[in-house]
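Following: one structure in structure tokens, then a few remarks.
The values are calculated or read from the model by the stated rules, or taken from the named source; none is laboratory data. Predicted, not measured: the structure shown is a model, and the values here were computed from it. Backbone-built Cβ (ideal geometry, glycine too); neighbour counts: all protein chains shown. Surface areas here come from the heavy atoms of the whole protein model, side chains and all, with no ligands, DNA or RNA. Shrake-Rupley method; radii C 1.70, N 1.55, O 1.52, S 1.80 Å.
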Amino acid sequence: MRPAHIVFWTLLTLGGVWLQNIVPGVDFLAPGLILAMQEEKWTVPVWLGGIWLFIQEGTGSMPFGAGILWYGALAGLYFFGHWLFEARNFLFMLILGACLGAMHFLFINVMALLQDWSIYMDRLGVEAVQQALIFPIEWGLLYLIHHHLPGDPHAA
């Protein structure tokens, strides 16, 4: 991996964790995982997914396994969807974002039931909509930045 890519992924990780602190309930690392999977170099998404999984599991308040379920479902949606759509299509990212918003609503409800928590449905609905709207926009920005890094074969 080129040094520019290492810096990119490191800054994405730090920025994503920082943004998740500012906007709770939104996963800012998920678009990066999709971008890494789109590069079709499987070592990068495996390493990043593992690191981000440990970060999500360690900093979250959900029971262990929620992060595994979240990123596993995200990868499954991507692999299923890229058979139907062009993997780098913005429409596909909009659909994936909508699915992530719905998954957020469903997963938090299920995990709250497991822990016998009461949750505010209005707030959960806002978080789900934020996830659905932020995901494709962030993916688009990351895609543009990533493909203009020095030494990138896709650079214009």
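Computed quantities for the displayed model
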{"item": "Mean Kyte hydropathy of 1.0 or more with a Cα span along the axis of at least 27 Å, helices from DSSP in the chain", "result": "3-22, 90-115"}
{"item": "Dipole magnitude (debye, nearest 20) for the stretch 3-148, charges at Cβ of Lys, Arg, Asp, Glu", "result": "140 debye"}
{"item": "Accessible surface, the chain, averaged per residue in Å² (probe 1.4 Å)", "result": "56 Å²"}
{"item": "Percent carbon-and-sulfur accessible area, the chain, ignoring ligands, DNA and RNA, probe 1.4 Å", "result": "73 percent"}
{"item": "Surface/4 estimate of mean projected area, convex hull on alpha-carbon atoms of the stretch 1-48, nm²", "result": "3.2 nm²"}
{"item": "Rule-of-thumb Rg ratio for the chain [Cα; 2.2 N^0.38 Å; N residues]", "result": "1.03"}
{"item": "Neighbour-limited loop hits for chymotrypsin sites (Phe, Trp or Tyr not before Pro), the stretch 46-116 (at most 11 other Cβ within 10 Å; DSSP other than H, G, I, E, B)", "result": "Phe64, Trp83"}
{"item": "Rg and Dmax of the stretch 76-116, Cα atoms only, in Å", "result": "13.1, 41"}
{"item": "Sum of side-chain charges, Gly49 neighbourhood, beta-carbon under 15 Å (Lys, Arg +1; Asp, Glu -1)", "result": "-3"}
{"item": "Those GluC sites (Glu not before Pro) in the stretch 34-83 that DSSP places in a loop and that have at most 10 other beta carbons within 10 Å", "result": "Glu40"}
{"item": "Separation of alpha-carbon centers, the stretch 99-136 and the stretch 24-40, rounded to whole Å", "result": "18 Å"}
{"item": "Mean ellipticity per residue at 222 nm, deg cm²/dmol - from DSSP H runs of n ≥ 4 across the chain, formula -39500 (n - 2.57)", "result": "-25000 deg cm²/dmol"}
{"item": "14 Å beta-carbon shell around Gln20, net charge (K/R +1, D/E -1)", "result": "-4"}
